[in-house]
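Everything on this sheet refers to the single structure shown next.
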Amino acid sequence: MNGLTARWARTAGAGRGTVLSAAGVWPLLAFLADGADGPARTELADAVGLDADEAAGAARELLDALGGMRGLERAVGLWTDRTLELRERWEAALPAEAHGVLTGDAAADGAALNAWAGKHTDGLVDRMPALLDPGTQLVLASALTLRTRWLRPFEETAWMPEAGPWWGRELTGLMRSGAVLDRVGVADTPAGRVTELKVLGDTAADVHLVLGEDGMTPGQVLGAAVEVLERRSPAVPGHALPYGEVGPGLSVVRKLSREPDPPTLHVLVPAFGLRADHDLTASPGVFGLTTARDRTRGHFPGISASPLAVGSCPAVRDGAVRRRRLPRGGGDGDRGDRGRPPAAASMADDAGPRHVRPALRLPRRAPAHPPRPRGGLGRGTRTPPRGRGLGRLTGIRTGAPRRRCGPCPGARCR
C-alpha cells in the first residue's frame, strides 16, 4: 500500500497543496482485481502489489485492522442497479452491511450516496464523489475518517515568514518546545534531503511532518516521506545532528548560560487546511485502470455476468482535512480548543464500477518561535521557513540576543 501511496504522490499536487490516502483507494482496487480478468486483472494486481487471487482477502484484513484503530472510522459501500446480479463469491468478500440499491432516480440515488458519505465521515465530506448517469450499474466506495489529539498541545502565535513561498504573509503559527530531540531527524533520500518531525497523537496515529529542500516538488517530498517511514532512507535523529544548518528548515545552535538547562527542541509550523480533488483515471497506470476503462467489452466477470468497465469521472472531491483553531487543552475543535489537530477524511468511489478515489491526509500542525528558555548550554533547532513540503519546522533555539563573548570569539552566543 505504501508503494501505491508513493506512486500516487509523485503524480499529485504539482504546484498546489493536496491531500490523498492510498488506505482508502487500495481496498477498492483490490476488490476490483479479485473480480477482473485478462489484462485488467494483471494491471490491477500490479497496482495493489499482490496476486489477484489474494487481493480481496488482503483488503478485508486491512479493513478489519483499520476498524480496530482508535480514532479511525472506516466504511465500504456498494450500490448496484436492481437488475445487476452479483457473483455470490465476490459479494461475500465485502462487509455484510455494505450493499445498497440504485433506484435509477438520479436525484434520490445521489441524496442517498451523499447521506452515506456524511454519516461515515462525521460530516467532513458531505458529497459522494460519484457522478451517476443512466449507465451506472455499480458504485463501490470507501470512507476513512481519522481524529486524534496531540499528546502535548501546541500554542498559537502570529507568524510572518522571513523567507520562502510564504514570505511576507501573516500566518497563524503553531509552536511547541520539548526535551525529546529525537522527535526530529534529517534523511538523505534519492529525491533530496528532508527534515522529518514526528508528532504523537493520543490514538494509534502519529503525524509525520516532512519538509523538503529548495527545488524539490511536492510529489518528491511526499515520495521521500514514504522512503523515510519505511526506513529505506533512515533519518539521523536529533541528538546525533551536528551544530549548524543541518537540514531543510532545521538548525542546531548553542548558547552560554548561567544554569545548565537540557537541550531543547523548538518547533514552528503554520496552521493549515487542505482539500483536494482527484480523478484517478487521469493517471490510470498508477491505479491499474488502463484496460479496465475500455468500455468496448467487460472486464469483471468475477463481479457479474453483465459486462462492466470502469467509468471516467471528472475531478470530484475525494477528501478533506479541515483547518480548525488549535486547541488549548481539550474540548471540541470547532470551539477553538488547543490540542486537537484537524480531522482527516477521505472518500473513494468506483461507479460502473466507476473510478475509485480517496484522499486522506492526516492533519498536521506544529509550532513557531518558542518562548525563550532560561539558559543552559543548549542545542537547538531554528528554522527559517523555506523549502517545500507539508509544513515548516522551527527548532531548538535558546537564550538572549546574539552577542560575541570572550570564550568563543566569533561564535553565536545567546
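Return yes or no: is Gly285 within 30 Å of Leu28 (Cβ to Cβ), at pLDDT 90 or above and either part of a strand (DSSP E or B) or of a type outside the set (Lys, Arg) (or both)?
Criteria met by Gly285.
If we scan segment 263-281, do we find a residue that is of a type outside the set (A, V, I, L, M), assigned to a helix (DSSP H, G or I) and touching a Ser or Thr at 6+ places or on another chain (Cβ under 9 Å)?
Yes, the conditions are met somewhere in segment 263-281.
Of (1) out of contact with any Pro (no Cβ under 9 Å at 6 or more places or on another chain); (2) free of Cβ contacts under 8 Å to residues at least 40 places away in the same chain, Gly135 satisfies all except one. Which?
Checking Gly135 against (1) out of contact with any Pro (no Cβ under 9 Å at 6 or more places or on another chain); (2) free of Cβ contacts under 8 Å to residues at least 40 places away in the same chain, the one that fails is (2).
Check whether at least one residue in segment 153-160 is buried (at least 22 other Cβ atoms within 10 Å of the Cβ) and assigned to a loop (DSSP other than H, G, I, E, B), and report yes or no.
yes
Mind checking which residues of segment 240-266 are within 18 Å of Arg176 (Cα to Cα) and either β-branched (Val, Ile, Thr) or in contact with an Asp or Glu (Cβ under 6 Å, 6 or more places away or on another chain) (or both)?
Of everything in segment 240-266, those that are within 18 Å of Arg176 (Cα to Cα) and either β-branched (Val, Ile, Thr) or in contact with an Asp or Glu (Cβ under 6 Å, 6 or more places away or on another chain) (or both) turn out to be Ser251, Val252, Val253, Thr264.
Does Ser233 count as without any contact (Cβ under 8 Å) to a residue 60 or more places away in the chain, surrounded by fewer than 22 Cβ atoms within 10 Å (Cβ to Cβ) and among the hydroxyl-bearing types (Ser, Thr, Tyr)?
Here the answer is yes, as Ser233 does meet what is asked.
Kindly indicate whether any position in segment 120-128 is closer than 16 Å to Leu28 by Cα and outside any helix (DSSP H, G or I).
yes
Being under 30 Å from Val267 (Cβ atoms), in contact with an Asp or Glu (Cβ under 9 Å, 6 or more places away or on another chain) and either surrounded by 15 or more Cβ atoms within 10 Å (Cβ to Cβ) or not charged (D, E, K, R) (or both) narrows it down to one of Leu124, Leu174, Leu140, Leu197, so name that one.
The conditions single out Leu174.
When you scan segment 130-144, how many residues do you find that are assigned to a loop (DSSP other than H, G, I, E, B) and under 28 Å from the mean Cα position of the chain (by Cα)?
3
For segment 181-199, give me each residue that is in contact (Cβ under 8 Å) with a residue 60 or more places away in the chain and farther than 17 Å from Val246 by Cα.
Val199
Can you give me the ranges of the helices (runs of 4 or more DSSP H) entirely in segment 22-96 with at least 3 residues that are hydrophobic (A, V, I, L, M, F, W, C) and within 29 Å of Thr148 (Cβ to Cβ)?
22-35, 52-67
Would you please name the residue that is farthest from the chain's Cα centre (by Cα), looking only at residues in segment 288-310 that are outside any helix (DSSP H, G or I) and of a type in the set (D, E, K, R)?
Among residues in segment 288-310 that are outside any helix (DSSP H, G or I) and of a type in the set (D, E, K, R), the one farthest from the chain's Cα centre (by Cα) is Arg297.
Here is a check on your reading of the model: is Val252 part of a helix (DSSP H, G or I) and modelled with pLDDT of 90 or more?
no
Filter segment 1-53 down to the residues that are buried (at least 23 other Cβ atoms within 10 Å of the Cβ), among the acidic types (Asp, Glu) and under 28 Å from Gly192 (Cβ atoms) and list them by number.
Listed by number, the list is empty, since nothing qualifies.
Only one of Gly215, Gly244, Gly273 is surrounded by fewer than 19 Cβ atoms within 10 Å (Cβ to Cβ) and at pLDDT 90 or above; which?
The match here is Gly244.
Checking Leu209 against (1) modelled with pLDDT of 90 or more; (2) out of contact with any strand residue (DSSP E or B) (no Cβ under 6 Å at 6 or more places or on another chain): exactly one of these is not met. Which one?
(2)
Yes or no: segment 100-118 includes at least one residue that is out of contact with any Phe, Trp or Tyr (no Cβ under 6 Å at 6 or more places or on another chain), of a type in the set (Gly, Ala, Ser), in a loop (DSSP other than H, G, I, E, B) and touching a residue at least 40 places away in the same chain (Cβ under 8 Å).
no
Run Leu265 past the list (1) under 30 Å from Asp133 (Cβ atoms); (2) modelled with pLDDT of 50 or more and report the number of the one that doesn't hold.
(1)
The values are calculated or read from the model by the stated rules, or taken from the named source; none is laboratory data. Remember, it's a predicted structure, so these values are computed and weren't measured experimentally. All Cβ positions, even for glycine, are placed from backbone atoms using ideal geometry, and neighbour counts span all protein chains on display.
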